[in-house]
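**Student:** The following block contains the structure, expressed as C-alpha cells.
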Amino acid sequence: MRNAWLPSDVPDPDHALEAVAVRIWQRAAAVDAAAAFPAKDIADLVTSGTIAACADLLDDNALPILSTIGAASLTVGRLFEGHLNAVKLANRYGDAEATDIVAAEIAAGRILGVWNAERGGGVTATRIDGGYRLDGGKVHCSGAGTIRRPVVTASLNGDTQMFLPDLVSPRVGIDLAIWRAAGMRGTATGSVTFDGLEVPDAAVLGSLGDYYRSPWFSGGAWRVIAVQLGALDRIMALHADRLRDDPVARARFAAAAGAHEAARLHVREAARRAETPNSNPEEIDAYVDLARGTFETAALTIIEATRRNVGLSSFIAPDPLDRCLRDLETYLRQPFLDASRDHAARWLAARGGRFSA
Ligand SMILES: Cc1cc2nc3c(=O)[nH]c(=O)nc-3n(C[C@H](O)[C@H](O)[C@H](O)COP(=O)(O)OP(=O)(O)OC[C@H]3O[C@@H](n4cnc5c(N)ncnc54)[C@H](O)[C@@H]3O)c2cc1C
C-alpha cells in the first residue's frame with residue numbers, strides 16, 4: 001500500500017511502473033497455471049496510478065509503458081491495452097456522460113476493455129424509448145466476468161455504434177468455459193451474450209461510424225504491437241542467457257536479434273506517425289498495417305530461433321520461455337493481418353513503393 005501521508009506528487013519507488021512490472025513478472029507463472037484473471041496485477045497497476053494515467057496518455061508516450069507491461073506479462077499487457085483503447089475512444093468521441101462512466105469505473109479500481117469481435121450475426125442495437133436494446137453476442141472478450149462497463153460495438157442502421165453498457169444484468173450471459181487457449185490463459189477471454197439488454201442514451205459512446213474512423217482504428221493498432229514488443233524484449237533476454245557457445249546457435253541468435261531490432265524500429269516509427277497530429281490518415285493506416293505484418297514476421301522468426309536454440313525445455317513449464325512463447329504465439333493471432341499486408345502493399349505500389357519521409 002502507498003503510504004497515505006505521502007503527498008500525491010512525491011513518487012513512491014515501490015509503486016513506480018518498473019517495480020510493479022517486476023511483481024507482475026513474478027506472478028505471471030501462477031496466473032498462467034491458474035488460467036485466472038490477474039486481479040492482483042491490475043490492482044497493482046491501479047495503485048501505481050497507471051490505470052488512471054491512461055486518460056492523459058494521448059500520444060506515443062504510451063509506447064514504453066505498453067512495452068514494459070508486455071515484457072512483464074503479455075496477459076496483463078493485453079488487458080491494459082484494451083483499457084487504454086477504451087479510455088482513448090471515450091476521450092475522443094464521448095460526451096460528458098460517457099467520460100463520467102469511464103471515470104467512475106477507474107475510480108472504482110476497475111479497468112475497461114473494447115469488445116468488437118463477433119462470429120455470425122454479432123450484436124444489433126434497436127432504438128427504444130430513452131435508449132437502445134442490445135441483442136446478440138460477442139466473442140473473444142478479454143476481461144469477461146470482471147470488466148463491468150466495456151465498450152461494445154453493435155450494428156445499427158447498417159453501421160457500427162459504440163455503447164458502454166452496464167453488464168450487471170440478468171440479460172447478460174458470460175461464458176468463460178470456452179477459453180482453453182494455449183497462451184494468454186489469464187486474459188479471461190470469453191463469449192458474452194446480450195438478450196435484450198437496455199442501454200440508456202447516457203451510455204451511448206460517440207456517433208455512428210466513429211469506431212472504425214481513420215486513422216484511429218487501423219492506426220491505433222500500433223499499441224498492440226507495442227505490447228508484443230515487450231514480449232520480444234523479454235524473450236530475447238531469456239534467449240541470450242541460454243545461448244550456447246556455438247556458431248550455428250549464434251547464427252540463429254543473430255537472425256532473431258536482427259528481427260527484434262527491425263520490429264523495435266518499426267513499432268517506434270508506427271507510434272510516432274500514428275500520434276503525430278495532422279498526418280495523412282491514409283498514410284498512417286498503410287504504415288501501421290505494414291508494421292503489423294512486418295512485426296508478425298519478425299516475431300515468428302524470433303520464436304523459431306528461440307525454440308530451436310533452447311530446445312525442448314522451451315516447451316516445458318515452469319521454464320519462463322514456455323509461457324512467454326505460448327503467450328506470444330497466441331496473441332500474434334490478430335484480426336485482418338493478411339488484409340493489412342495487402343492494403344499496405346496496394347497503397348505503396350501506387351506510390352512508388354515508399355512512404356513519405
Ligand atoms: C488473447 C486475445 C485476446 C483478445 N481479446 C479481444 C477483446 O477483448 N476484444 C475483441 O474485440 N477481440 C479480442 N480478441 C480477438 C481479436 O480481436 C481477433 O478477433 C482475433 O484475434 C482474430 O484472430 P484470427 O486468427 O481468428 O483472425 P481471423 O481474422 O479470423 O483470421 C484467420 C485467418 O483467416 C484469414 N481470413 C480472415 N478473413 C478472411 C477473408 N475475408 N478472406 C480471406 N482470408 C480471411 C486471415 O487472413 C487468417 O489467415 C482477442 C484475441 C486474443 C488472441
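**Student:** Could you state the orientation-averaged shadow area of the convex hull built on the Cα atoms of the range 114-205, in nm² to one decimal?
**Tutor:** Values: hull surface 23.0 nm².
For the Cα atoms of the range 114-205, the hull's average projected area reads 5.8 nm².
**Student:** Using 0.36 nm times the number of residues separating residue 155 and residue 22, minus their current alpha carbon distance, what extension gain do you get?
**Tutor:** Details: separation 133, 0.36 × 133 = 47.88 nm, distance 4.15 nm.
So the chain would gain 43.7 nm between residue 155 and residue 22.
**Student:** Mean-square fluctuation check for the chain, GNM, Cα pairs under 10 Å: which of 225, 316, 147 is largest?
**Tutor:** Among 225, 316, 147, the largest mean-square fluctuation in the Gaussian network model of the chain belongs to 316.
**Student:** Assigning unit charges at the beta carbon (Lys, Arg +1; Asp, Glu -1) and nothing else, what dipole magnitude in debye, to the nearest 20, does the chain show about its Cα centre?
**Tutor:** Details: 38 positive and 44 negative charges, 198 e Å.
For this selection, approximately 940 debye.
**Student:** Could you give the length gained on full extension between residue 278 and residue 127, defined as 0.36 nm per residue of separation minus the Cα-Cα distance, in nm?
**Tutor:** 50.8 nm
**Student:** Still on this structure, please answer the following. Would you please put 89-96, 346-353 in order of how densely packed they are, using the mean number of other Cβ atoms within 10 angstrom per residue and starting with the highest?
**Tutor:** Ranked by mean Cβ neighbours within 10 Å, highest first: 89-96, 346-353.
**Student:** What percentage of the solvent-accessible surface of the range 216-349, computed with a 1.4 Å probe over protein heavy atoms, is contributed by carbon and sulfur atoms?
**Tutor:** That share works out to 59 percent.
**Student:** From zero up to wherever the largest Cα-Cα distance of the chain sits, split into 10 Å bins and tell me the percent of pairs in each.
**Tutor:** In whole percents, the pair-distance histogram is 5, 24, 32, 26, 11, 2, 0, 0.
**Student:** Please work out whether the range 164-269 counts as rounded, prolate or oblate from its C-alpha gyration tensor, where a ≥ b ≥ c are the square roots of the eigenvalues and a/c under 1.5 means rounded, while otherwise a/b larger than b/c means prolate and anything else oblate? Write down the numbers at each step before the final one.
**Tutor:** On the way: a/c = 4.92, a/b = 2.00, b/c = 2.46.
Cα axes put the range 164-269 in the oblate bin.
**Student:** Related question: Using a probe radius of 1.4 Å on heavy atoms only, what accessible surface per residue do you get for the range 114-205? Whole Å² is fine.
**Tutor:** Accessible area per residue: 43 Å².
**Student:** Could you state the accessible area per residue of the range 216-349 in Å², with a 1.4 Å probe and every protein chain left in place? List each step's numbers first, then the result.
**Tutor:** Numbers: 5940 Å² over 134 residues.
Here the residues of the range 216-349 average 44 Å² of exposed surface.
**Student:** What nm distance separates the two modelled labels at residue 214 and residue 351, each placed 7 Å from Cα along Cα→Cβ?
**Tutor:** It works out to 1.0 nm between the two label points.
**Student:** Describe numerically, in nm with one decimal, the distance between label points set 7 Å from Cα along Cα→Cβ at residue 262 and at residue 241.
**Tutor:** For the pair residue 262/residue 241, the computed spacing is 2.8 nm.
**Student:** Which distance in Å, rounded to a whole number, links the C-alpha centroids of the range 104-163 and the range 314-343?
**Tutor:** 26
**Student:** Take the Cβ-Cβ distance between residue 202 and residue 117 as r, set R0 to 25 Å, and report the resulting FRET efficiency rounded to the nearest 0.05.
**Tutor:** 0.45
**Student:** Another question, then. Two decimals, Cα atoms only, Kirkwood Rh: what is Rg/Rh over the range 216-349? Don't jump to the answer; show the numbers that get you there.
**Tutor:** Working: Rg = 15.9 Å, Rh = 15.5 Å.
Across the range 216-349, the Cα-based Rg/Rh ratio is 1.03.
**Student:** Using only Cα atoms, what is the ratio of the radius of gyration of the range 13-107 to 2.2 N^0.38 Å?
**Tutor:** Details: Rg = 13.5 Å, N = 95, 2.2 N^0.38 = 12.4 Å.
Dividing the Cα Rg of the range 13-107 by 2.2 N^0.38 Å gives 1.09.
The values are calculated or read from the model by the stated rules, or taken from the named source; none is laboratory data. Since the structure is predicted, the reported quantities are computational estimates derived from the model, not experimental observations. Cβ: placed from backbone, ideal geometry, glycine included. Neighbour counts: every protein chain shown. For the accessible areas, the whole protein counts, side chains as well, though only heavy atoms, and no ligand, DNA or RNA atoms are used. Shrake-Rupley method; radii C 1.70, N 1.55, O 1.52, S 1.80 Å.
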